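J.: Okay, here's the structure, questions in a sec.
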Amino acid sequence: MNVDIGNALASVASPGVSRESLERLDDQVADAHERIETGMANAEHGYEALNLPQRTDPDEIRRAVEPVADADALLTVGIGGSALGAATITEALADESDTEAIYLDNVDPEWITAHLERLPLENTAINVVSRSGTTAETLANFLVVRDAFESAGVDWTERTIVTTGESGPLRDLSERHDLPSLKVPDGVPGRFSALSAVGMVAAAVCGHDLEAFLSGAAAEAETLTGSLFDCPAYAYGATTYALDQRGAGVNAMVPYAESLETYAEWFAQLWAESLGKDDLGQTPVRALGVTDQHSQLQLYRAGPRDKLVTFVSPGSFDDRPIPETDVEALSYLGDSTLGELLEAEFEATEASLAAAGRPNVRIELDGVDEYELGGLLYGMEAATVLAGELYGVNTFEQPAVEWAKKATRGLLGGGDFEEAEAVAEKTELRIER
């Protein structure tokens, strides 16, 4: 992963950050890196996520998934960090797998039913993921899936892998039915867990190269030094922080590859849940190049100057020529390929923002494969941790999310929670037809 912050400099953009300001900020980066190194060395909560490239055992994951390695489809039942990392990997590499990966990360009943009715359950695997084993959405969906398998006469115990903590309902279930199980690593929040079994079970079932994925992440870890000028991840984290301090409170993540659309969703959770505290943090926005040049670019180029646009350039890919046409106005396309058109659209969009003085950053990959994905995900996690240090927030907690969980549980009769009582206090101003 390489990062180009040239179009975020004050000489190009407003808001922008000067080279001199970055050099002053680099002293804070050095202090933050020292804190990060200490946290990693002591396996402290959250910082332990940055040790995963060395700690995750791909052989253990492959052994666990062996009973369902021939599955035509994989249902991963999880939500948030229990699903988005895995989805990012398998959807980026979907063309390389014969196994369809589906993620039940919502409780929309019609959507769930549609999936269960169309899948060949007799050759579908289940991967249920929850550290606590008590996540309401995950457990509800798992109960629905299990019932669907039983109704179809399929033994769900022969098709299920469990990824959970050391104790809890799912751990008890896996022991009672002797299910293959893997452990959610200690000290790693869900949104930082893509490089563990949480994110890699699905990749293993889909036949992807786990070693290459971890190697890419490990290579990115080697770049973590005490200077933003030597480390792409720190350059990104520090630059986004500096731009936010100068008014760019929105960060639009725009990958220029259809296969990386889910990556933008993964990033949005990572950035929002980690940094959105104490009235601080950028708001992540998800977009897709070139699609959203026709739906969002107008705002980014001519709207309020409160946005940073982050491009992800995928590098090489399998290309396809554009057929020649006898329509004179379109004849220039016949000498090009779709890849060349994609690259031209990306460079034109990047240049149009710079011409309008709007800050943008380019993240460059050498392609979309296991190695590059590992580096990208690790790099963004490290950037998030650095940004959290600069903001002075606890990057690894999520109290606002816990509040809503308690309210939901209380509304469903799962206990007495004052958060649930607040729901009844909603202020209403209804306009009815």
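J.: Is there a residue being crowded, with 22+ Cβ neighbours inside 10 Å, of a type in the set (Ser, Thr, Tyr), outside any strand (DSSP E or B) and within 16 Å of the chain's Cα centre (by Cα) anywhere in the range 78-88?
T.: Yes, there is a match, as at least one residue in the range 78-88 is crowded, with 22+ Cβ neighbours inside 10 Å, of a type in the set (Ser, Thr, Tyr), outside any strand (DSSP E or B) and within 16 Å of the chain's Cα centre (by Cα).
J.: Looking at the range 245-271 only, could you name the residues that are surrounded by fewer than 17 Cβ atoms within 10 Å (Cβ to Cβ) and free of Cβ contacts under 8 Å to residues at least 24 places away in the same chain?
T.: Correct list: Gln245 only.
J.: On to the next question. Quick one: which of Ala71, Ala49 is buried (at least 21 other Cβ atoms within 10 Å of the Cβ) and assigned to a loop (DSSP other than H, G, I, E, B)?
T.: Residue meeting the stated conditions: Ala71.
J.: It is to be established whether one or more residues within the range 280-289 are more than 21 Å from Asn2 (Cα to Cα) and touching a Lys or Arg at 6+ places or on another chain (Cβ under 9 Å).
T.: yes
J.: Can you tell me which of Ala114, Ala101 is touching a residue at least 12 places away in the same chain (Cβ under 8 Å) and either under 29 Å from Phe317 (Cβ atoms) or more than 21 Å from the chain's Cα centre (by Cα) (or both)?
T.: Answer to the selection: Ala101.
J.: Mind checking which residues of the range 213-238 are crowded, with 23+ Cβ neighbours inside 10 Å and more than 20 Å from the chain's Cα centre (by Cα)?
T.: Across the range 213-238, the qualifying residues are Leu228, Cys231.
J.: Could you say whether any residue in the range 113-128 is modelled with pLDDT under 95, of a type in the set (S, T, N, Q) and touching a strand residue (DSSP E or B) at 6+ places or on another chain (Cβ under 6 Å)?
T.: No, there is no match, as no residue in the range 113-128 is modelled with pLDDT under 95, of a type in the set (S, T, N, Q) and touching a strand residue (DSSP E or B) at 6+ places or on another chain (Cβ under 6 Å).
J.: Criterion first (of a type in the set (A, V, I, L, M), under 24 Å from Gly249 (Cα atoms), touching a Gly at 6+ places or on another chain (Cβ under 6 Å) and in a helix (DSSP H, G or I)) does Ala383 satisfy it?
T.: Taking the combined requirement at face value, the residue satisfies it.
J.: Of the residues that sit in the range 134-173 and are of a type in the set (Asp, Glu) and over 17 Å from Asp105 (Cβ atoms), which one is nearest to the chain's Cα centre (by Cα)?
T.: Glu166
J.: Also, quick follow-up: Of these, Asn127, Asn106, which one is within 30 Å of Gly415 (Cβ to Cβ) and in contact (Cβ under 8 Å) with a residue 60 or more places away in the chain?
T.: Just a single option satisfies the conditions, and that option is Asn127.
J.: Among the numbered criteria (1) outside any loop (DSSP other than H, G, I, E, B); (2) crowded, with 18+ Cβ neighbours inside 10 Å, which one does Gly289 miss?
T.: Evaluating Gly289 over (1) outside any loop (DSSP other than H, G, I, E, B); (2) crowded, with 18+ Cβ neighbours inside 10 Å leaves (1) as the failure.
J.: Could you please let me know if Ala238 is in contact with a Leu (Cβ under 6 Å, 6 or more places away or on another chain) and modelled with pLDDT of 95 or more?
T.: Answer is yes for this residue.
J.: Let me ask something additional. Would you please name the residue that is nearest to Leu228 (Cα to Cα), looking only at residues in the range 386-433 that are assigned to a helix (DSSP H, G or I), in contact (Cβ under 8 Å) with a residue 40 or more places away in the chain and β-branched (Val, Ile, Thr)?
T.: Val401
J.: Next question, about the same structure. For the range 253-284, give me each residue that is closer than 18 Å to Ile89 by Cα and in a loop (DSSP other than H, G, I, E, B).
T.: Tyr256, Ala257
J.: How about the range 182-205: which of its residues are under 14 Å from the mean Cα position of the chain (by Cα) and closer than 15 Å to Val68 by Cβ?
T.: Met200
J.: Sticking with this one: In the range 300-322, what count of residues is obtained for those that are surrounded by fewer than 24 Cβ atoms within 10 Å (Cβ to Cβ) and assigned to a strand (DSSP E or B)?
T.: Here the count works out to 3.
J.: If Leu210 passes every condition in (1) surrounded by fewer than 24 Cβ atoms within 10 Å (Cβ to Cβ); (2) more than 27 Å from Ala383 (Cα to Cα); (3) hydrophobic (A, V, I, L, M, F, W, C) but one, which one does it miss?
T.: Looking at each condition in turn, Leu210 falls short on (2).
J.: Name the helices (runs of 4 or more DSSP H) wholly inside the range 159-246 in which the number of residues that are over 20 Å from Leu373 (Cβ atoms) and not charged (D, E, K, R) is 2 or more.
T.: Ranges flagged: 169-176, 232-245.
J.: From Ala356, Ala407, Ala400, Ala387, grab the single residue that is farther than 30 Å from Ala219 by Cβ, of a type in the set (Gly, Ala, Ser), modelled with pLDDT of 95 or more and out of contact with any strand residue (DSSP E or B) (no Cβ under 9 Å at 6 or more places or on another chain).
T.: After ruling out the rest, the residue left standing is Ala356.
The values are calculated or read from the model by the stated rules, or taken from the named source; none is laboratory data. Just so you know, these numbers come straight off a predicted model, no measurement behind them. So basically every Cβ, Gly included, is an ideal-geometry build from the backbone, and we count neighbours across all protein chains shown.
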